[in-house]
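The values are calculated or read from the model by the stated rules, or taken from the named source; none is laboratory data. Worth saying up front: this structure is predicted, and the values here are computed from it rather than measured. Reconstructed Cβ throughout: ideal geometry from the backbone, glycine too, with neighbour counts over all protein chains shown. Accessible surface areas use protein heavy atoms only, side chains included; no ligands, DNA or RNA. Shrake-Rupley method; radii C 1.70, N 1.55, O 1.52, S 1.80 Å.
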Amino acid sequence: DAKTTQPPSMDCAEGRAANLPCNHSTISGNEYVYWYRQIHSQGPQYIIHGLKNNETNEMASLIITEDRKSSTLILPHATLRDTAVYYCIVRSLDTGTASKLTFGTGTRLQVTL
Amino acid sequence: DTEVTQTPKHLVMGMTNKKSLKCEQHMGHRAMYWYKQKAKKPPELMFVYSYEKLSINESVPSRFSPECPNSSLLNLHLHALQPEDSALYLCASSRRPSDEKLFFGSGTQLSVL
């Protein structure tokens, strides 16, 4: 699976958009980009995933560049409850094997008043 | 019900004790996972069960023994642990083994004395 690179930490003011970048320059054509987050003292939570088109759900938007070498997770109006570690993970969709979701070090997002 | 329930939430055990961690889901998911997370580190995959059969063991020491009695339950039996095994143990499930959208429980915080 392709390796990902994320900044170790970011700050965001409450109510503003939080834009979390992820580099995955070695991504291959059949690999998806997944985002999870982990709020303190909780298990990781799935946020969103995409292949090449931009995706949006009730939690966030995912913008993937045309060459697919990087992506950005956007939380449109960050709140204090969005303070968490955000993980960007690249995985191929291989229906023949069990998931081996591997977490990198992630980005620690601190939302402040 | 979209929850993965883990019990106990906290566990303190001695190096000669035998204890078990329990995980339960009622979402009809057919894959279940154990992850281990040390403080300030990302979760690390330990075991994967696909359709109640062990499909992945990430070279975990034999003092950790997983068990999947049925499609809703996952246990992790602990015996003769070391202090360095102290960590947060996370259980997760997914609809199918190849599904990368995992649902995590809140974990069991284990301390080995």
Task: Residues satisfying the stated conditions in segment B:10-55, i.e. hydrophobic (A, V, I, L, M, F, W, C), open to solvent by less than 80 Å² (accessible area, probe 1.4 Å) and in a strand (DSSP E or B) - done: B:11, B:13, B:21, B:23, B:31, B:32, B:34, B:45, B:46, B:47, B:48
Task: Qualifying positions in segment A:40-79 - among the aliphatic types (A, V, I, L, M) and touching a Ser or Thr at 6+ places or on another chain (Cβ under 8 Å) - done: A:48, A:62, A:63, A:64, A:73, A:74
Task: Residue that is closer than 27 Å to residue A:107 by Cα and either open to solvent by less than 50 Å² (accessible area, probe 1.4 Å) or at pLDDT below 95 (or both), where the choices are B:58, B:84 - done: B:58
Task: Options A:43, A:29; residue that is assigned to a loop (DSSP other than H, G, I, E, B) and either within 13 Å of chain B (Cβ to nearest Cβ) or closer than 17 Å to residue B:102 by Cα (or both) - done: A:43
Task: Condition check for residue A:7: part of a loop (DSSP other than H, G, I, E, B), at pLDDT 95 or above and open to solvent by less than 70 Å² (accessible area, probe 1.4 Å) - done: yes
Open item on the list: What pairs come out if I take residues in segment A:70-82 that are under 27 Å from residue A:31 (Cα atoms) and pair them with residues that are at pLDDT 95 or above and assigned to a helix (DSSP H, G or I) whose C-beta lies under 8 Å away, six or more apart or interchain?
Closed with: A:75/A:82
Task: Considering residues of segment A:16-64 that are touching a Pro at 6+ places or on another chain (Cβ under 6 Å) and not hydroxyl-bearing (Ser, Thr, Tyr) only, the residue nearest to residue A:74 (Cα to Cα) - done: A:17
Task: Among (1) touching a His at 6+ places or on another chain (Cβ under 7 Å); (2) open to solvent by less than 20 Å² (accessible area, probe 1.4 Å) - the single one residue B:65 does not satisfy - done: (2)
TODO: Scan A:69, A:100 and give me the residue that is open to solvent by 30 Å² or more (accessible area, probe 1.4 Å), more than 14 Å from chain B (Cβ to nearest Cβ) and over 13 Å from the mean Cα position of the chain (by Cα).
DONE: A:69
Task: All positions within segment B:1-59 that are touching a residue at least 60 places away in the same chain (Cβ under 8 Å) and on the phi > 0 side of the Ramachandran plot - done: B:28
Task: Pair list, Cβ under 7 Å, 6 or more apart: segment A:23-36 residue free of Cβ contacts under 8 Å to residues at least 60 places away in the same chain, other residue in a loop (DSSP other than H, G, I, E, B) and polar (S, T, N, Q) - done: A:23/A:4
Task: Hey, residue B:84 touching a residue at least 40 places away in the same chain (Cβ under 8 Å) and of a type in the set (D, E, K, R) or not - done: no
Open item on the list: Please count how many residues of segment B:88-105 are assigned to a strand (DSSP E or B) and within 17 Å of residue A:87 (Cα to Cα).
Closed with: 4
